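The values are calculated or read from the model by the stated rules, or taken from the named source; none is laboratory data. Here the structure is a predicted model, which means the values were calculated and not measured. Cβ: placed from backbone, ideal geometry, glycine included. Neighbour counts: every protein chain shown. Each accessible area value is taken on the protein alone, full model and side chains, heavy atoms only, with ligands, DNA and RNA left out. Shrake-Rupley method; radii C 1.70, N 1.55, O 1.52, S 1.80 Å.
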Amino acid sequence: MNNFLLLPIIIPFFFGMLLIFGQRKLVYQRSFALIGIGLALLSAISLLFKVKTDGIQLVTFGNWPVPFGITMVADMVSTLLVTTTLLIAFFVIWYGFGSINKERERFFYYPGVMFIVTGVNGAFTTGDIFNLFVFFEVLLMSSYLLIVLGGEKEQLKGSIKYILINVISSALFVITVAFLYSVVGTLNMADIASKIAAIHQPGIITVIAVLFLMVFGLKAAIFPLYFWLPTSYHAAPIPVLTLFGALLTKVGIYSIMRTYTLFFVHDLGFTHQLLMVLAIFTIIAGCIGALAYFDVKQIIIYNIVIAVGVILFGVAQMNETALKGAMFYLVHDMLIKAALFMLIGMIITITGTSDLRKMGGLLKKYPVLGWSYLIAAFGLAGIPPLSGFIGKLLIAKGGFEAGNMWSSVFILASSLLVLLSVIRIFVYAFWGQEQPTHTQQTMDKKTYRTLFIPTIFVVFISIVYGVGAEWITPFMDDAAKLLSDPSIYIDAVLKGE
């Protein structure tokens with residue numbers, strides 16, 4: 001029965017292989033991509049309720065005893081993230097029907113999306129630290145394909161930096177895993193957590209913790225390691241940018257969250273204090289970038305950086321309230337970033353530019369698009385009762401409980417800068433005089449519907465996530481208990497419960 005937890009990974013992988021064939025047949029590519037993600041999503045939702053009812057699920061390949069085999073673990077943290085990933089991927093694929101041009105679609109676009117989802121879901125589910133590296137490589141190889149799709153000059157320029165950074169990061173990851181293995185003699189995460197307490201050289205563990213923070217910090221784009229993200233992501237086509245912005249940095253965040261709550265808990269005064277300081281600087285850097293640019297893509301990309309800081313600030317507090325807020329905010333950010341990238345993709349398609357200063361007056365022709373964007377912008381900034389409010393409030397409350405009053409106030413105050421950055425897009429693009437760029441480019445109704453319907457679904461889901469938070473809270477409570485009490489995860493895996 002436990003093999004069921006592998007379906008959200010196996011199904012996208014299987015359909016990815018099917019989609020490698022028949023590249024010229026768009027109907028085949030589109031329909032099988034949607035069916036594959038749809039089936040994987042159904043399996044993930046079923047798994048989510050199974051974990052809620054029966055507790056942590058695990059399977060060890062080859063029926064080897066734990067910790068000798070490769071273990072896959074579905075707990076509430078990983079299952080929530082897997083479900084959200086598949087939900088977003090479904091609507092991004094649908095959105096791509098009207099956004100990705102046909103030549104790009106025929107050049108292994110859909111297999112690339114499927115293999116990225118495979119890597120992301122595998123990284124969320126694995127219980128083995130080396131296997132985490134393997135799944136990172138799966139999603140990175142797919143992202144290398146998608147980021148250069150179309151072969152435009154700007155894409156190739158951004159992709160060189162992206163590939164170089166990730167090659168260096170991957171090499172550092174392997175070295176750090178080897179260093180950890182030489183100290184604890186195991187790769188199973190639960191086993192590492194149980195054995196680390198017996199190490200009588202805590203200084204070595206602290207060094208390894210900082211090395212892992214560098215590795216995952218590069219992937220999550222924390223300060224000062226976020227420098228590669230704005231130029232690399234900016235060049236990608238909108239559906240690819242949506243996938244990257246909603247999912248890829250979140251794998252880095254998840255990895256920090258998992259390691260810093262499960263086994264790097266021996267020196268909180270240094271490791272978690274360092275994480276908190278970096279999180280605050282990440283928010284500051286993101287706010288500066290989001291306010292400095294007049295390019296709609298760059299504004300939302302820098303808001304990715306801000307969210308990374310907010311979530312990791314919650315992780316650094318190491319209490320149940322803040323960790324619950326971090327989980328709430330992590331899922332919220334995946335949904336709202338997908339919605340915002342899809343919305344600005346529509347704005348760019350209509351106006352033919354991403355420069356705010358060349359836009360204006362869209363509200364007259366596209367009122368529903370304008371108000372949908374405004375709701376998503378309010379959700380991003382955490383205006384109650386929308387989805388960003390609850391997570392940020394719990395993170396700040398957890399900060400107060402941990403005695404970090406001023407930094408928690410700063411977290412709340414940063415919402416004003418986030419709101420200012422995204423409201424600028426609404427003011428410039430939707431108010432004012434109509435600009436000649438989009439009067440010359442009227443989007444046909446079929447394309448508009450193809451882009452708008454999946455977008456409005458994602459916006460609606462983000463609204464329900466905020467307004468219906470009481471339905472989500474029991475799942476988040478389980479996730480927060482798991483993160484704040486490592487023994488739950490360790491016992492479940494090592495005892496095979």
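So what is the 222 nm mean residue ellipticity for the chain from helices alone, if each DSSP H run of at least 4 adds -39500 (n - 2.57) and you divide by all residues, rounding to the nearest 500 deg cm²/dmol?
Details: 23 runs with 382 residues, N = 497.
After summing the helix terms and dividing by residue count, I get -25500 deg cm²/dmol.
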What is the local net charge at Phe124, summed over the other residues whose Cβ is closer than 14 Å to its Cβ (Lys, Arg +1; Asp, Glu -1)?
+1
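Could you order His234, His332 so the one with the most accessible surface comes first? Probe is 1.4 Å.
On the way: His234 30, His332 0 Å².
Heavy-atom accessible area, descending, gives His234, His332.
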For the chain, give the percent of accessible area contributed by carbon and sulfur heavy atoms, probe 1.4 Å, rounded to a whole number.
70
For Leu26 and Lys52, compute 0.36 nm times the residue count separating them, minus their Cα-Cα distance, and round to one decimal in nm.
5.5 nm
To make sure I understand the rule: partners must be lysines, Cα under 22 Å from the Cα of Lys50, and not fewer than 8 residues away in the same chain. Which ones qualify?
Lys324, Lys481, Lys495
Would region 221-275 count as rounded, prolate or oblate if I go by the C-alpha gyration tensor, calling it rounded below 1.5 in a/c and otherwise prolate when a/b exceeds b/c, oblate otherwise?
oblate
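Rounded, prolate or oblate: which one fits region 367-497, using the alpha carbon gyration tensor with axes a ≥ b ≥ c (rounded when a/c is under 1.5, else prolate when a/b beats b/c, else oblate)? Could the numbers behind the result be given before it?
Numbers: a/c = 3.45, a/b = 1.79, b/c = 1.92.
The shape class here is oblate.
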Run down the aspartates and glutamates and flag those whose C-alpha is under 12 Å from the C-alpha of Lys250, throwing out any fewer than 8 positions away in its chain.
Asp333
What are the chymotrypsin sites (Phe, Trp or Tyr not before Pro) within region 21-53 that DSSP puts in a loop, where the Cβ has at most 12 other Cβ atoms within 10 Å?
Phe21
Kirkwood hydrodynamic radius for region 1-148: how many Å is it when counted over pairs of different Cα atoms?
15.6
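Sort the following peptides by mean Cβ neighbour count (other Cβ atoms within 10 Å, averaged over residues), highest first: 391-400, 481-490.
Working: 391-400: 23.7, 481-490: 18.0.
The densest-packed peptide leads the list: 391-400, 481-490.
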With the dipole of region 237-372 worked out from charges on the C-beta (+1 for Lys and Arg, -1 for Asp and Glu) around the Cα centre, which of Ala290, Ala326, Thr353 lies farthest toward the positive end?
Thr353
Among the lysines, which fall within straight-line cross-link reach of Lys153, defined as a Cα-Cα distance under 21 Å, with same-chain neighbours fewer than 8 residues apart omitted?
Lys102, Lys161, Lys297
Rounded to the nearest 10, the angle in degrees between the Cα long axis of helix 405-430 and the longest principal axis of the Cα atoms of the chain comes to 20
Taking 112-119, 246-253 and ranking on average Cβ neighbours within 10 Å, highest first, one gets 112-119, 246-253
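R0 = 56 Å: FRET efficiency of His266 with Asp444, Cβ-based, nearest 0.05?
The pair His266/Asp444 has a calculated efficiency of 0.40.
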Helix 268-292 axis, angle to the chain major axis (alpha carbon atoms, nearest 10°):
10
In Å², what does the accessible area per residue of the chain work out to with a 1.4 Å probe?
36
So how strong a dipole does the chain carry about its Cα centre when Lys and Arg Cβ are +1 and Asp and Glu Cβ are -1, to the nearest 20 debye?
1500
